[in-house]
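Written out below as structure tokens is the structure these notes cover.
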Amino acid sequence: MAFRYAAGLAGGHLLGTADSAAIVVPLHGQFADDAQAYFAPRSLVIVAVIVVVGTIAVSAGGIANLVPVLRWFVRGQRPDPDQRRTATRLLGRQSAILAAVWAASGITYLLFNLDGLAALAIPTLLAVVFGGTAAAFLSLLLTQRSLRPILLAATQGSEGAVIAPRVLTRLVGMWLLSSGLPCLAIVGLVLTRSNGWIIQKNGSVEMPILVVTLVAILIGLPAMILTSRSISDPIREVVDAMAQVERGRIDTVVGVYEKSEIGLLQSGFNRMVTGIGERDRLRDLFGRYVGTDVALRAIKEGTSLSGDVRDAAILFIDLVGSTTLAASQPPQEVARVLNDFFRIVVDAVDDHHGLINKFQGDAALAIFGAPLASEGAASDALVTARTLRDQLKRLPMVDFGIGVSAGPVFAGNIGAENRYEYTVVGDAVNEAARLADFAKTLDQRVVCSAAAIDRADLAECRHWVSDGETTLRGRAETTTVFTPMGNS
């Protein structure tokens, strides 16, 4: 990583050197009285040495800039506040290194050409400013990808502590490097020659303009590619993360490593995913308490589940001898028996499109046909009753009674404005509870009313047989009851 980072800095420095050469080299011959003196071997050697030394200085400074950060990053350690602050200032320090090297290079060049100082001061200043700006901008783009893992580790838990150029600044910088500054240089060449300010009116500017144009073309393409990638790469990460979320991985996050609009997009995506995760957890928790169908309907309709009267089937199941069980067994054993009992009840009701509306101590109330209407509600309730009979008989220390009824009930929210409970109210609910008490006295342990049989399909009715009439507790009229046939 250190080599890649140093290479990026050196590459940016050399590209900036090419930019400055587009100004200073062609203008030397125009600004000096004796052009050959400035293109002599001695002068070219000085320039080459300054470029080589400057490149080495930039690379060494970049490595020295990076090494303190690599110490904790390579070891996989979590940075302390000082280390975090050092890492987030990497980009600023590298720009300072480049600025210092370019300023020193310009001063050194002028010191070796004191006899032509007046003529070379302006072009050298332009070369330092133009080339240094290009070097800083291109080095930033070249090193950003190498530094990204470090910046992600350093800014973990924050919303992008690294100050990076905004998107508009990057685009303007790309335009300046590839079009603005070269065009400005060409305009300056033409104006200075036409007015005879620095370049003689009979001087030639064709070659300087050609060099500036070629350098602009050569620098413009990589500048455009690097700038576009500095914007498109993090956006692509967000797009890929969105695809992961669409596939159900709501724990997906993207790294945030800068304070530009890109950093805001990344942190905004993370907040959105966090909100989705919280909503899903709430929906899951809500569904565990009121049932999935009720939860989905509440999410769709808000808290307006005011309710209505509809035809539904009710299944009520109650344990027998739960008081004796609690008195004769340790509490943890009682809890285990109840959990096994209710697990079987919940699974059977869910398998047949029912809703466990509530647990009442050692009893449970299941609804079929509400909140989602179902034409086969009665049949589903009767099948569930027979299934529970067969499965619960296998549990040790468990006895029970199951009652099934059907009829019009009010299904909706009951309670105060700030505390609702979705439930069902009606005679069928009361009848199912009384039938469950009556079933405890029967060998089958399961009984249903004629109202449930009348609403069931023919295939399910064949599994039930009439068991006469009885007067249920708390009811004045007799009720015709049915029980499952044999092994049905």
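The values are calculated or read from the model by the stated rules, or taken from the named source; none is laboratory data. On a predicted model such as this, the values are computed, not experimentally measured, just so you know. So basically every Cβ, Gly included, is an ideal-geometry build from the backbone, and we count neighbours across all protein chains shown. Note: areas computed on protein heavy atoms with side chains; ligands, DNA, RNA excluded. Shrake-Rupley method; radii C 1.70, N 1.55, O 1.52, S 1.80 Å.
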Quick test of your reading of the structure: A335 fulfils all but one of (1) part of a strand (DSSP E or B); (2) among the aliphatic types (A, V, I, L, M); (3) farther than 19 Å from A312 by Cβ. Name the failing condition by number.
(1)
Please tell me if A135 is in contact with a His (Cβ under 9 Å, 6 or more places away or on another chain), at pLDDT 75 or above and farther than 17 Å from D233 by Cβ.
yes
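Could you list all residues from the range 129-144 that are of a type in the set (S, T, Y) and either free of Cβ contacts under 8 Å to residues at least 60 places away in the same chain or closer than 11 Å to A99 by Cα (or both)?
Within the range 129-144, the first condition is being of a type in the set (S, T, Y), and the residues that meet it are 133, 139, 143.
The one that is of a type in the set (S, T, Y) and either free of Cβ contacts under 8 Å to residues at least 60 places away in the same chain or closer than 11 Å to A99 by Cα (or both): T133.
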Enumeration of residues in the range 96-123 that are loosely packed, with under 13 Cβ neighbours inside 10 Å and modelled with pLDDT under 80
L114, D115, L117, A118
All but one of (1) open to solvent by 50 Å² or more (accessible area, probe 1.4 Å); (2) at pLDDT 75 or above hold for L147; which doesn't?
(1)
Name the single residue, out of those in the range 177-194 being at pLDDT 80 or above and open to solvent by 20 Å² or more (accessible area, probe 1.4 Å), that is nearest to S139 (Cα to Cα).
S179
Reported set for the range 56-95 where residues are under 17 Å from L140 (Cβ atoms) and either modelled with pLDDT of 85 or more or buried (at least 18 other Cβ atoms within 10 Å of the Cβ) (or both) is V58, S59, G61, G62, N65, L66, V69, A87, T88, L90, L91, Q94
Is it true that some residue in the range 377-392 is in contact with a Gly (Cβ under 7 Å, 6 or more places away or on another chain), under 24 Å from D454 (Cα atoms) and of a type in the set (D, E)?
yes
Among the residues of the range 205-262, what is the count of those that are in a helix (DSSP H, G or I) and within 30 Å of V190 (Cα to Cα)?
19
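Would you point out the residue of the range 366-378, among those that are open to solvent by 10 Å² or more (accessible area, probe 1.4 Å) and under 19 Å from C461 (Cβ atoms), that is modelled with the lowest pLDDT?
Per the stated criteria, the residue is S374.
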Given the criteria loosely packed, with under 13 Cβ neighbours inside 10 Å, of a type outside the set (S, T, Y) and at pLDDT 80 or above, does D351 qualify?
yes
Checking I199 against (1) at pLDDT below 75; (2) assigned to a helix (DSSP H, G or I); (3) surrounded by 20 or more Cβ atoms within 10 Å (Cβ to Cβ), the condition it does not meet
(2)
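Per-residue answers, yes or no, for (1) within 22 Å of T155 (Cβ to Cβ); (2) not in a helix (DSSP H, G or I):
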{"site": "V47", "(1), (2)": "no, no"}
{"site": "G54", "(1), (2)": "no, no"}
{"site": "V58", "(1), (2)": "no, no"}
{"site": "N65", "(1), (2)": "yes, no"}
{"site": "W72", "(1), (2)": "yes, no"}
{"site": "R78", "(1), (2)": "yes, yes"}
{"site": "L91", "(1), (2)": "yes, no"}
{"site": "Q94", "(1), (2)": "yes, no"}
{"site": "L98", "(1), (2)": "no, no"}
Of the residues that sit in the range 244-267 and are of a type in the set (G, A, S), open to solvent by less than 30 Å² (accessible area, probe 1.4 Å) and more than 13 Å from I231 (Cα to Cα), which one is modelled with the highest pLDDT?
S267
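Would you pick out the residues in the range 80-89 that are in a loop (DSSP other than H, G, I, E, B) and among the acidic types (D, E)?
D80
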When (1) among the hydrophobic types (A, V, I, L, M, F, W, C); (2) at pLDDT 85 or above; (3) over 30 Å from V425 (Cβ atoms) are applied to V346, the one that fails is (3)
